[in-house]
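Values in this text are rule-based calculations from the coordinates and carry no lab data. Owing to the predicted nature of the structure, the values given are computational and were not obtained by experimental measurement. Backbone-built Cβ (ideal geometry, glycine too); neighbour counts: all protein chains shown.
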Amino acid sequence: MTIPAYTGLQSALRGLEANQAGIDTTGHNIANANTPGYTRQSVDLTEAASLTIPAFSNVTGGGVQLGQGVDVTTISRIRDQFLDIQYRAQNSNSSNAQTQSSVLGDVQTAVDEPSTSGISAAMSKFWSAWSALGNSPSSPSAQQAVISAGQTLAQTFNSVDSQMATVQSQASDQYNTLTAAGGQVSQYADQIAALNTQISEATQAGQSPNDLLDQRDELLDKLSGLAQISVTQQSDGTDTVKFGDAASPLVSGSTVTWPQTLTSASGGQLGALLGLSSPSGQIGTLRTALSGVAGQVISAVNALQPASSPFFSGNSASTIAVSATTSTITASSSTGSGDIAQSVAALSGGAPDQGFSAFVGQVGNAVSSAQSSAATGSSVLSAIDNQRQSVSGVSLDEEMTNLITFQRGYEASARMMSTIDSVLNTLINNTGAGL
Amino acid sequence: MSVGRITNLMTTNQVLSDINQAQYRLNVTQEQLSSGKKILQPSDDPYGATRAVDLNGELSGLSTYASNITDGTAWTTASDTALQSIQNEVQRVRELVVAAGNGTNSASNLQAINAEVTQLTSAIKQDANTKYNGQYLFSGSATGTAPYTTGSDTYQGNTGAVTRAIGPGTTLQVNADLSSVLGSGAGANDGKLLNVLADISAHLTSGSASDVAALSSTDLQGLDDNLSTLEQAQTSVGATEDRLQLASTRISSLQTSDTATLSNVQDADYATTLTNFSNEQAAFTAALKASANIVQSSLMDFLQ
């Protein structure tokens, strides 16, 4: 029976190394327990190739395989790529809904209803002023009151519309900032391309660059908030990233293709911003509706005033203005009766008021549906994130358990080594020397 | 959620998101309590917000009607006073005419009576020129024109109506038609009050036996006829006042019911909101307490 004398030492050494790798990996996991995007790592162990002991010293004659300890194959990430795909798709939806909800919330603030200072209050005061003029048709102060109430109404329309327009153009500014050269999209894309290069080098060298992969996944997660992405993994370890509905891939290998044209169908924050800033988008539709109400006020009041001296000029919420003066305002068809002013006052509760309250309902519905899809989106996202965390997250209790396991393994391997050492000591120093 | 492994970060994130949600709900009930409203923005309840805007508009319309009614009532009260005063003056003229017609008066007596009749006539015209809020009460819709001028008995106004909107789609004529009582004097020869008064004055001035006889026959008859049309005008003003009174009651009951509806739509119910608030507060405190205990413990507490 010939077994090399130091085989046992080698096995013990492999045991020490494997357990040390385990302890180090556990340490790495614990250190990164709170790092965003970190994937827990585990040491993959396999039995080392065994030593064949030749047949002549063996009873059966076939020889035997003597185990030689353990080998570390890889240190791998524990991650479910399918959950990544789900997470990124949902992240786009959620950030799309979140953006809509927050921007439309600003529109709602601009509309400022129900309140005592909004358009509906100004409109009520305007009708009341006409009614007062109907009661005293020749009173200069009643005439002035109508002109002032009309100016307040027109200015309230103007300012609500201009605030909505500001919200709209802010959405467009935000889109431009995010997509500009050096903006968030190009920053993420550049970093992903750089990581692609490093990862492909490491992969070709046969390594598994776990921490670089984590960084790239984290960047892809962030990128998915901006628009829908689809990621294809290439055989060299690089990721090809399609971004929104851009024609060419945003990142392919180490190449970044940006800027490209996106549409509102791109999803994510950018898709939402494009939709909101477009004239035919949600804010645009609401502004058109508000202009419709302003148009109703203008045409209803002007229809009762002489064609030669209309009360309002303009045709929309942004252009409505009072063109009448105390000398052109017409309160009566015959001197002193106030019948025309009374007819204008009778518009109260009519088409313009109804149109405006319908507009308020439209704003409320738009915001409340955006808010509820944002709430749904974020709870679905956190459910998926929980699943992902459940697979990839670091559990300190688990790591502590692993730490004890590896510690005991290391201790046992060390004991193994000292046992072999003492065996060899007996062999070398105590065998035959005294004879 | 069927989750096998629970990691520390998951627990922390979950606790944080629970605390955030509890705080958000607490904040919502707190806002409802401090503002007293459950609809702070249209998105809180789009339909409710629409109703609130509608009801606010309706309430503002109702208060316009209420002020129209107040204005109309003041108009009719002023008309009533003026008509009452005209009636008194006509009664006095009637007494004078009866006294002058008994045939025992000297020429100077008749002159003195005539002087008083002339004075009463101009007092009647002055009453007809009564203004309310800068508008003539009795010149039809030509409220800027005095119905009668000194030196002429011709009616200057028109027969148009002065109306007030006293309810949705309801208007009410508030001016009384005094021109059908007073007429346009001798020139028009319409048999109306001013015509009769001018005749009386002419008969008193001449003092002839036939004229004095006419005083107690045709003139007296004319005065009586016009007194009864005057009373009709007074009755119609009184009826208008009654209608305004009714409309005012109706508007204020509409205001009460609209205010109640508006309050139902947009005001927070304190009992419910306070109960919700205490619930949310308890939930929030519990979430904070739980997080303080859960996140602290781990296997490390038990390992040596």
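Which value, in debye to the nearest 20, gives the size of the charge dipole of region B:150-304 about its Cα centre, when Lys and Arg are +1 and Asp and Glu are -1 at the Cβ?
The dipole magnitude comes to about 680 debye.
Taking the dipole about the Cα centre of the protein assembly as shown, with the C-beta of Lys and Arg at +1 and of Asp and Glu at -1, give me whichever of A:137, B:102, A:274 is farthest to the positive side.
Positive-end residue among those listed: A:274.
Using the Cα centre of region B:195-304 as origin and beta-carbon charges of +1 (Lys, Arg) and -1 (Asp, Glu), tell me which of B:244, B:259, B:206 is placed farthest towards the positive end of the dipole.
The one lying farthest along the dipole's positive direction is B:259.
Using the crude model of +1 on Lys and Arg Cβ and -1 on Asp and Glu Cβ, and no other charge, please compute the dipole size for region A:156-222 relative to its Cα centre, in debye to 20.
Its charge dipole is roughly 160 debye.
If you put +1 on each Lys and Arg Cβ and -1 on each Asp and Glu Cβ, how big is the dipole of chain A around its Cα centre, in Debye rounded to 20?
The calculation lands at about 780 debye.
Given the options B:103, B:169, B:144, state which has the largest fluctuation in a GNM of chain B using a 10 Å cut-off (strictly under) for Cα springs.
Greatest mean-square fluctuation among the candidates belongs to B:169.
Using the charge dipole of region A:94-201 (Lys, Arg: +1 at Cβ; Asp, Glu: -1 at Cβ; taken about the Cα centre), state which of A:117, A:185, A:199 has its Cα farthest towards the positive end.
A:117
If you add up the charges near residue B:41, with Lys and Arg at +1 and Asp and Glu at -1, over every other residue whose beta carbon is less than 14 angstrom from its beta carbon, what do you get?
That works out to -4.
In whole angstrom, note down how far apart the Cα centers of region A:346-405 and region A:153-227 are.
If we compute the Cα centre of each part, the gap is 21 Å.
Search the structure for amide H atoms under 5 Å from the amide H of residue A:53, placed 1.01 Å from N in the peptide plane, and list their residues when 5 or more places away or on another chain.
The answer is A:64, A:65, A:66.
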